[in-house]
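Here the structure comes first, spelled out in structure tokens, and everything after it is commentary.
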Amino acid sequence: MCEKDLKRYIYSSYGRELLSNSAYRKRLIDFLTPCPSIDIHCPAERLLEAYAAADSPPGMIMTENFTYAGFISQAALLQIVDSKNLAAARDQNPLTRLPGNNTIIDYVQQVLEDHCQDYCLVYFDFDNFKPFNDTYGFRIGDRAIALFADLLRKLLPRQSCFIGHVGGDDFFAGFRALVHEDVHQRVSDLLDQFQHEAQSLYDAATRERGYIEATNRHGDLVRFPLLSCSAAMLWIPATAAAFTLEDVSQIIARLKKSAKASPIGQAEATIDADAITGERPDA
């Protein structure tokens with residue numbers, strides 16, 4: 001109920017009489033304005049989604065442990081949107097136009113604080129990118145990076161997935177409230193599509209041969225397979241124990257090594273209520 005809706009009755013000469021007149025038929029419910037509610041600990045993204053799904057309410061009711069905790073107005077919500085858009089624009093990668101490292105860190109921090117939804121954090125890392133980049137040059141290397149960014153936009157669901165560009169040939173995706181099978185299928189399709197389309201970046205002879213020859217870090221001439229990508233997946237249920245950004249970083253670093261050793265280029269782990277389970281490469 002908003003004060004402005006009652007003022008014209010309370011402060012007018014006959015307002016109180018009108019409200020008490022049964023013939024006028026004004027009830028308390030006539031002055032109520034429906035507003036969505038959300039837990040105060042949910043991240044800003046969830047708050048904005050809940051507001052957008054409602055029919056232009058004057059604001060949002062904030063709750064804590066299912067009790068009233070406050071009210072955030074429409075104007076305040078618009079300020080949140082403006083500030084987030086400005087921060088995202090400043091952090092945007094100039095090549096891929098995807099959110100950069102600062103925005104990704106903010107997203108992961110919000111995931112760790114959100115106990116309302118299950119999440120899966122996926123870190124992508126190209127395989128054999130350095131010899132490819134050294135052989136074909138930075139311009140073609142940038143085309144490979146832009147190609148992967150386009151596939152992220154095309155193949156991953158915008159409504160439930162956040163995508164970002166960590167830097168270089170490292171990318172990030174955060175899935176919210178999707179089942180394991182769906183995430184696995186989308187990630188596998190993405191890796192397969194990138195490996196297929198990246199072949200167009202090679203000359204015909206190299207594509208037919210299936211490898212390039214380049215020097216490794218020790219200066220030896222070595223055969224490197226054509227471009228592909230690995231994926232490290234970290235599942236974070238709503239019931240997960242408290243973990244820090246540093247914890248997540250260490251887990252992902254181990255998973256990335258396991259993913260590159262996996263025949264399908266994927267590895268995953270789950271943070272459960274007490275610890276980390278299932279930290280292994282996919283078979």
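The values are calculated or read from the model by the stated rules, or taken from the named source; none is laboratory data. Note that this is a predicted model, so its numbers are computed, not measured. Cβ atoms come from the backbone with ideal geometry, glycine included; neighbour counts cover every protein chain shown. All accessible areas refer to the heavy atoms of the entire protein, side chains included, with ligands and DNA or RNA removed. Shrake-Rupley method; radii C 1.70, N 1.55, O 1.52, S 1.80 Å.
Here are the numbers for this structure:
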| quantity | calculated |
| --- | --- |
| Residue list for the stretch 215-236, filter: small (G, A, S) and surrounded by 18 or more Cβ atoms within 10 Å (Cβ to Cβ) | S230, A231, A232 |
| Flag for A75 being open to solvent by 30 Å² or more (accessible area, probe 1.4 Å), assigned to a helix (DSSP H, G or I), over 24 Å from H165 (Cβ atoms) and of a type in the set (G, A, S) | yes |
| Filter result (out of contact with any helix residue (DSSP H, G or I) (no Cβ under 7 Å at 6 or more places or on another chain) and either open to solvent by less than 50 Å² (accessible area, probe 1.4 Å) or in a loop (DSSP other than H, G, I, E, B) (or both)) within the stretch 158-181 | R158, Q159, S160, C161, G168, D170, R176, A177, L178, V179 |
| Meets criteria (closer than 18 Å to V122 by Cα and of a type outside the set (D, E, K, R)) for L156 | yes |
| Answer from A240, A231, A205, A259 - the residue that is of a type in the set (A, V, I, L, M) and closer than 25 Å to E49 by Cα | A240 |
| Lone unmet requirement of (1) of a type outside the set (K, R); (2) without any contact (Cβ under 8 Å) to a residue 24 or more places away in the chain; (3) open to solvent by 30 Å² or more (accessible area, probe 1.4 Å) for T135 | (2) |
| Residue that is modelled with the lowest pLDDT, among those in the stretch 40-62 that are open to solvent by less than 40 Å² (accessible area, probe 1.4 Å), within 14 Å of H115 (Cα to Cα) and not aliphatic (A, V, I, L, M) | P43 |
